[in-house]
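The values are calculated or read from the model by the stated rules, or taken from the named source; none is laboratory data. The model shown is predicted, which means the values in this text are computed figures rather than measured ones. Cβ: placed from backbone, ideal geometry, glycine included. Neighbour counts: every protein chain shown. Calculation scope for accessible area: heavy atoms of the full protein, side chains included, ligands and nucleic acids excluded. Shrake-Rupley method; radii C 1.70, N 1.55, O 1.52, S 1.80 Å.
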Amino acid sequence: MGTPKEIARSIVEGIPEVRIRPMMGEWLVYFREHLVGTIEDGRLYLKDTPASRPLLEGAPLLPPHAGAKPAFLMEGRSKEELCGLLWQMIP
């Protein structure tokens, strides 16, 4: 089941320079026009990249759906913390 648009928007609402685009019932997340993750089943996942790995050490690394590459699950993070992470990942 897909994530409703209102839920996806609420997850990234208030984070500057973030936009979401629909993809097969879920959402792609862009920061400063760079693909940084997805919103699937109402949860935000950030891509596992050389830039994100040291910043997200200790965060759960899980596949967002069957057959997907593992990504960092961002549950329990404040919008301020997410914003700071994104700025460090994509300066």
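Helix-only mean residue ellipticity at 222 nm, the chain, DSSP H runs n ≥ 4 weighted -39,500 (n - 2.57), per residue, nearest 500. What is it? Value at 222 nm, helices only: -6500 deg cm²/dmol. Taking each residue as 0.36 nm, the span from Glu13 to Glu75 lengthens on full extension beyond its C-alpha to C-alpha distance by 20.8 nm. Rounded to the nearest 20, the Cβ-based charge dipole of the chain about its Cα centre (Lys and Arg +1, Asp and Glu -1) stands at 180 debye.
Here the calculated FRET efficiency for Leu62 and Arg32, from their Cβ-Cβ distance with R0 = 30 Å, stands at 0.75, rounded to the nearest 0.05.
Let me spell out the model: positive unit charges on the Cβ of Lys and Arg, negative unit charges on the Cβ of Asp and Glu, origin at the Cα centre of the stretch 1-50. What dipole size does that give, in debye rounded to 20?
Value, rounded to 20: 100 debye.
Specify whether the C-alpha gyration tensor of the chain places it in the rounded, prolate or oblate class, a ≥ b ≥ c being the square roots of the eigenvalues: rounded for a/c under 1.5, otherwise prolate if a/b is larger than b/c and oblate if not. It is oblate, given that a/c is not under 1.5 and a/b is not larger than b/c.
Using the Cβ-Cβ distance between Arg43 and Trp87 with R0 set to 30 Å, the FRET efficiency works out to roughly 0.90. Among residues other than Arg43 with Cβ under 13 Å from its Cβ, the summed charge is -3 (Lys and Arg +1, Asp and Glu -1).
For the stretch 45-55, putting each phi into the Karplus relation 6.51 cos²θ - 1.76 cosθ + 1.60 with θ = phi - 60° gives couplings of 10, 9, 4, 7, 10, x, 6, 7, 3, x, 6 Hz, in residue order, rounded to whole numbers and with x for Gly and Pro.
Looking at the chain, the accessible area is 60 square angstrom per residue; that uses a 1.4 Å probe and ignores ligands, DNA and RNA.
Determine the sum of side-chain charges near Pro60: Lys and Arg each +1, Asp and Glu each -1, restricted to other residues whose C-beta is under 12 angstrom from that of Pro60.
Cβ neighbours under 12 Å give a net charge of -1.
Highest mean packing comes first when the peptides 50-58, 71-79, 24-32 are listed by Cβ atoms within 10 Å, giving 24-32, 71-79, 50-58.
Here the relative contact order of the chain, from alpha carbon pairs under 8 Å that lie six or more residues apart, stands at 23 percent. Over all directions, the projected convex hull of the C-alpha atoms in the stretch 39-91 averages 3.7 nm² in area.
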